[in-house]
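Reviewing the structure listed below.
The values are calculated or read from the model by the stated rules, or taken from the named source; none is laboratory data. Predicted, not measured: the structure shown is a model, and the values here were computed from it. Heads up, the Cβs are rebuilt from the backbone with ideal geometry, glycines too, and the neighbour counts pull from every protein chain shown.
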Amino acid sequence: MKKIGIVVAMQEELEAVEEILEDVEIKQINKTRFIIGKIGECICIVVHCGIGKVNAARATQELIDKFNIDYIMNVGVAGSINDDLDIGDVLIGKHTVQHDFDITAFRHSKGYIPGIGDNIECDSQLVSRMIESIKNVEEKSYNIKLGIVATGDIFCTDVAMKDKIRSKFDADVVDMECGAIAQVAYLNEMPFIVIRSVSDSPNGKNEKTFEENLPFACKRFANVLKRFLEQEGQR
């Protein structure tokens, strides 16, 4: 039976995952609360990491250290910086980049991390299985895209910043945790995949649309997660 670590940043995201969990139990380790349950035939260990890269990295390492998991998933919402992605659309990560990591003074490209590189690829086998699990999704009212997640310790509201990140990294969405989770997984040689649903798009006032669309976007990524893990349990 597969054992999967799932990292979420916000309470609303956690609640969306909890709704699709069965046989739930709670385990407290130090100050971190882990929710253990099943989706299909997969055992899931879910941790609410909190917002930002440091919180995400800490929780991910605890998941790897304390539980014998097969791989890490990051699920949640994100801001679209690709005009082809609308509210409620879903992005499956191809790779991640940290758009706020900057050692260009030492003749490296923006986002380059020593010992890591310019980006971190999501596990190709997990991506293939994810695509297979959703290719016949019945609901056609939203798009599901394979793309790039750009992470930074900022809730992006500035249109100029949005355009700059899009142009520099060819990214599709921005968030505040995914790149850090991917980095910890990479350093531990742990397979990693990400699902993000679009809650907003930087436009100078998207904090309002983010709050309005958060519940809806959470349900959307949870539906995709459930579909994927139900099929994972049969593999």
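Observations on the structure shown:
- Just one of the listed residues (D158, D175, D153, D200) is acidic (D, E), under 14 Å from S80 (Cα atoms) and modelled with pLDDT of 95 or more, namely D175.
- Selection within the stretch 194-212 - touching a residue at least 40 places away in the same chain (Cβ under 8 Å), surrounded by fewer than 19 Cβ atoms within 10 Å (Cβ to Cβ) and among the acidic types (D, E): E207
- Subset of the stretch 74-107 [surrounded by fewer than 19 Cβ atoms within 10 Å (Cβ to Cβ), in contact with a Cys (Cβ under 8 Å, 6 or more places away or on another chain) and among the β-branched types (V, I, T)]: none
- Hey, V17 closer than 21 Å to I144 by Cβ, touching a His at 6+ places or on another chain (Cβ under 8 Å) and of a type in the set (A, V, I, L, M, F, W, C) or not: no
- Lone unmet requirement of (1) within 17 Å of the chain's Cα centre (by Cα); (2) under 15 Å from I87 (Cα atoms) for N206: (1)
- All positions within the stretch 1-17 that are closer than 19 Å to E62 by Cβ and surrounded by 15 or more Cβ atoms within 10 Å (Cβ to Cβ): I4, G5, I6, V7, V8, A9, M10, E13, L14, V17
- I195 falls short on exactly one of the conditions (1) within 21 Å of E12 (Cβ to Cβ); (2) modelled with pLDDT of 95 or more; (3) assigned to a helix (DSSP H, G or I), and that condition is (3).
- For A180, the criteria (1) part of a loop (DSSP other than H, G, I, E, B); (2) crowded, with 24+ Cβ neighbours inside 10 Å; (3) among the aliphatic types (A, V, I, L, M) hold in every case but one, which is (1).
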